[in-house]
There are 2 protein chains.
Amino acid sequence: MARWEPGARERLVVAAVDLFTERGYDATTVAQIAERAGVTKSTFFRYFPDKRELLVAGQETLSRLLAEGIAEAPVNASPLEAVAAGLKRASSAMGPVNRKLGPRLKAAVAASAELQERDALKSVSLAAAMTTALITRGVPDPTAHLAGELGVLAFKRGYTQWSEGDRDAEDDRDAEDELAQYTLAALDELRAASASLG
Amino acid sequence: MARWEPGARERLVVAAVDLFTERGYDATTVAQIAERAGVTKSTFFRYFPDKRELLVAGQETLSRLLAEGIAEAPVNASPLEAVAAGLKRASSAMGPVNRKLGPRLKAAVAASAELQERDALKSVSLAAAMTTALITRGVPDPTAHLAGELGVLAFKRGYTQWSEGDRDAEDDRDAEDELAQYTLAALDELRAASASLG
């Protein structure tokens, strides 16, 4: 009988990202990831079909949440207000593990050409998910694409600021300090910047 | 002595893209690409270190041209006017071979997960090249990022319209019909769309 171990999924993700950074993506095996996470190889395979999917899984969840938030925004919401609703929905699913993961993931991506490609595809996929959700709401094509790209920029900028902030700062970061604040502030900043494109 | 064969580079690129579509990227060998292009394997290696670099080479040229156009725009040009100068410079380097290649490349990318990742990384790299060139001009950070993303969207939209237009249309496409017209029109359309983001 397959047994689901509490926290195993998160431990596997953290262990994988650390190993990718230390040894490179290609050189890291599923057995090493399982060992580092303190679970068996067969537990790994109950959560993920392979090491690549371990990275893709988060992307699919994120795309779904962004699209759901956009779909459920009020009928009269503007394109960027709908994107804000998507960011809020997706951000609220991110907790302390995701925050800790940010700098590690960044280091892993910087160290691996393969992870750079995956990371780029992730950005493109998130933009596509938001663009599709906006078009479904009736937002016309070029505006929907543009709003989707703004959404990805806002999510990435907000996530970086949230996860890489100085943890030793005097005004120690509040545990209540949520990702949504950062992604929505980044979206506001981008909206303001769009006025100075010329 | 290495001998450079006129047109070999372009023939190799067309042959590679066709084979990637027919057989998949992984299953295509350098020997097959060379044979289809009517050159020897050693001629292939005079142009590209491997089949992956055959795809990367175009991206680096494109990034360089976009950045050069932005760098050389008039000092008082707005961020989007500088992006337009980059698009113009890069577009002018694209001729009939690139136009023919568009639909084939699209088919190859649709058929291969690996090429989708490469294509995504290409978009991210082009945006980064433009963003960096804009920051060098003194454009502040969020505006520069946004303008870089708009530049990539405009290039991709313009290139698709240019290369996938109906070739059998009554008003047969003019040989003088240049990519720059399409990318600059797409940028104008995106600029107009940015006013309706809300």
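If each DSSP helix of 4+ residues adds -39,500 (n - 2.57) and the sum is divided by the residues in the protein assembly as shown, what number results at 222 nm, nearest 500 deg cm²/dmol?
Values: 18 runs with 288 residues, N = 396.
Counting only the DSSP helices, I get -24000 deg cm²/dmol.
For the residues A:A107, A:A180, A:A147, a GNM of chain A with alpha-carbon springs under 10 Å puts the largest fluctuation on A:A107.
By the scheme Lys and Arg +1, Asp and Glu -1, what is the net charge of all other residues having a beta-carbon under 13 Å from that of A:R137? Neighbour charge sum, excluding A:R137 itself: -4.
Partner shielding of A:138-146 amounts to 5, given as the average count of beta-carbon atoms from other chains within 10 Å of each residue beta-carbon.
Relative to the Cα centre, the charge distribution of the range B:45-171, modelled as +1 at Lys and Arg Cβ and -1 at Asp and Glu Cβ, gives a dipole magnitude of about 320 debye. Each label point was placed 7 Å from the Cα along the Cα-to-Cβ direction; for B:A27 and B:T61 their separation is 2.9 nm.
Peptide A:186-198 has a mean of 6 when you count, residue by residue, the C-beta atoms of other protein chains within 10 Å of its C-beta. Using a 10 Å Cβ count of at most 13 others and DSSP loop calls, identify the longest part of chain A lacking such GluC sites (Glu not before Pro). The segment A:73-169 is the longest one with no such site.
Each Lys and Arg adds +1 at its Cβ and each Asp and Glu adds -1 at its Cβ; summed about the Cα centre, the protein assembly as shown shows a dipole of about 1160 debye.
Legend: mean number of C-beta atoms from other chains within 10 angstrom of residue C-beta atoms, peptide B:121-127, equals 4.
How high is the FRET efficiency from B:E53 to B:S92, r the C-beta distance, R0 30 Å, rounded to 0.05? Display every interim value, and only then the final one.
Values: r = 24 Å, r/R0 = 0.81.
Computed FRET efficiency for B:E53 and B:S92: 0.80.
Expressed as a fraction of 2.2 N^0.38 Å, the C-alpha radius of gyration for the protein assembly as shown is 1.06. For the range A:16-143, the relative contact order works out to 31 percent when only alpha carbon pairs closer than 8 Å and six or more residues apart are counted.
Ascending distances from the A:E22 label point to its copies in the other chains, with the point 7 Å along the Cα-to-beta-carbon line: 4.7 nm.
Answer rounded, prolate or oblate for the range B:47-198, using the Cα gyration tensor with square roots of eigenvalues a ≥ b ≥ c: rounded when a/c is under 1.5, else prolate when a/b is larger than b/c, else oblate.
Details: a/c = 1.67, a/b = 1.25, b/c = 1.34.
Note, shape of the range B:47-198 comes out oblate.
Rounded to a whole number of µm²/s, how large is the Stokes-Einstein D of the range A:1-85 at 10 °C and 1.306 mPa s, given Rh as the Kirkwood radius over C-alpha pairs? Show your work: numbers first, answer last.
Values: Rh = 14.7 Å.
Answer from the Stokes-Einstein relation: 108 µm²/s.
Look at the dipole of chain B built from charges on Cβ: of B:T29, B:H145, B:M94, the Cα furthest out on the positive end belongs to B:T29. The lysines whose alpha-carbon is closer than 18 Å to the alpha-carbon of B:K106, local same-chain residues fewer than 8 away aside, are B:K51, B:K122, B:K156. For the range A:129-137, 3J(HN,Hα) computed residue by residue from phi via the Karplus equation (6.51, -1.76, 1.60; θ = phi - 60°) reads 4, 6, 4, 4, 5, 6, 4, 4, 6 Hz, glycine and proline entered as x.
Only the Cβ atoms of Lys and Arg (+1) and of Asp and Glu (-1) were treated as charged; on that basis the dipole of the range B:67-135 about its Cα centre amounts to roughly 360 debye. Think of the range A:52-100 as a dipole: +1 on every Lys or Arg Cβ, -1 on every Asp or Glu Cβ, centred on the Cα centre; then among A:I70, A:A85, A:G58, A:G58 lies furthest on the positive end.
Here the gap between A:R46 and A:T136, fully extended at 0.36 nm per residue and compared with their Cα-Cα distance, gives a gain of 28.9 nm.
Every number here is computed from the coordinates shown, using simple stated rules; none is lab data. Small disclaimer: the values here were computed from a predicted structure and weren't measured. Virtual Cβ from ideal backbone geometry, glycine too; neighbours counted across all protein chains shown.
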